[in-house]
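A quick write-up on the structure given underneath.
The values are calculated or read from the model by the stated rules, or taken from the named source; none is laboratory data. Just so it is clear, the model here is predicted, and its values are computed rather than measured. Please note: Cβ atoms are built from the backbone with ideal geometry, for glycine as well, and neighbour counts cover all protein chains shown. Ligands, DNA and RNA are stripped out before the accessible areas are found, and what is left, the full protein with its side chains, is counted by its heavy atoms. Shrake-Rupley method; radii C 1.70, N 1.55, O 1.52, S 1.80 Å.
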Amino acid sequence: MASRGDNPLAMLIDLDTRRHACDVLAAADKALARAYDHIGIPEWRSADPHFESIARTVTYQLVSTRAASAIWARVLAWSGGKLEPNAVIEAEESDLRGRGLSGPKVRHLKSIATAIENRSLPLDRLSDLSDADARKMLLAVKGIGPWTADIYLMSALGRLDAFPQADVGLMEAYRMLSDAEERDKPKAFLARAETWRPFRAVAAHLLWGYINAVREKSY
């Protein structure tokens, strides 16, 4: 696996690391073993470690993928194809709401952009911090909640043990794989995920990969 200082875009968690993690997880959890048997070694969701990645995650939160994709496309078109913190800071709220973002999300994006610009959130330093310290720094910014912070740690920093709490897709995938009638509650699911350390991010990718494969097959 690449060192922490490397650009995650050039990194992707390497195949041998993902294979080893999947083998460990499959031996520890029958549901994850079923996912592994079904999809094999999952692809890693990587992202550029900059403001745009956080903005995209905020945009996609709590909305359907189809709606979020349309909103994000309009935001990028408005920004000329690349979303920079300054553009968001200087924009009128109505400009961004006109692209489909809700008022709270606009205010969250402005808060995050301001934190990056004034260096209270120095994104270029996060790769040198531990998972816990990097997460703490992200969560200190208004507009970045636990799910957003964990997605950033996983996709932009390539952290193997980051885990997006209360992700409905993950909980539903696990329900399907374990043949349960009901999903775990978020707190119970997070407790279950403790048994997947230190590869919780790989477990998440197995579960995402499984549920996406099932959905694609149903279309």
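Before moving on, here are some points about what is shown:
- Which listed residue is hydrophobic (A, V, I, L, M, F, W, C) and over 19 Å from Asp167 (Cβ atoms), from Val106, Val58: Val106
- Given (1) without any contact (Cβ under 8 Å) to a residue 60 or more places away in the chain; (2) over 26 Å from Arg107 (Cα atoms); (3) surrounded by 15 or more Cβ atoms within 10 Å (Cβ to Cβ); (4) of a type in the set (A, V, I, L, M, F, W, C), number of the condition Met137 does not satisfy: (2)
- Of all the numbered requirements in (1) within 30 Å of Arg99 (Cβ to Cβ); (2) out of contact with any helix residue (DSSP H, G or I) (no Cβ under 9 Å at 6 or more places or on another chain), Glu43 misses one, and that requirement is (2).
Conditions tested, residue by residue: (1) farther than 15 Å from Ala28 by Cβ; (2) more than 18 Å from the chain's Cα centre (by Cα); (3) free of Cβ contacts under 8 Å to residues at least 12 places away in the same chain; (4) part of a helix (DSSP H, G or I).
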{"site": "Ala180", "(1), (2), (3), (4)": "yes, yes, yes, no"}
{"site": "Asp184", "(1), (2), (3), (4)": "yes, yes, no, no"}
{"site": "Ala193", "(1), (2), (3), (4)": "no, no, no, yes"}
{"site": "His205", "(1), (2), (3), (4)": "yes, no, no, yes"}
{"site": "Trp208", "(1), (2), (3), (4)": "yes, no, no, yes"}
{"site": "Asn212", "(1), (2), (3), (4)": "yes, no, yes, yes"}
{"site": "Lys217", "(1), (2), (3), (4)": "yes, yes, yes, yes"}
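- Within region 193-219, the set of residues being acidic (Asp, Glu) and modelled with pLDDT under 95 comprises just one member, Glu216.
- Candidates in region 145-167 are the residues that are part of a loop (DSSP other than H, G, I, E, B) and touching a Lys or Arg at 6+ places or on another chain (Cβ under 6 Å); of these, the one that is most open to solvent (accessible area, probe 1.4 Å) is Asp161.
- Counting only residues that are β-branched (Val, Ile, Thr) and surrounded by fewer than 21 Cβ atoms within 10 Å (Cβ to Cβ), region 168-210 holds 2 of them.
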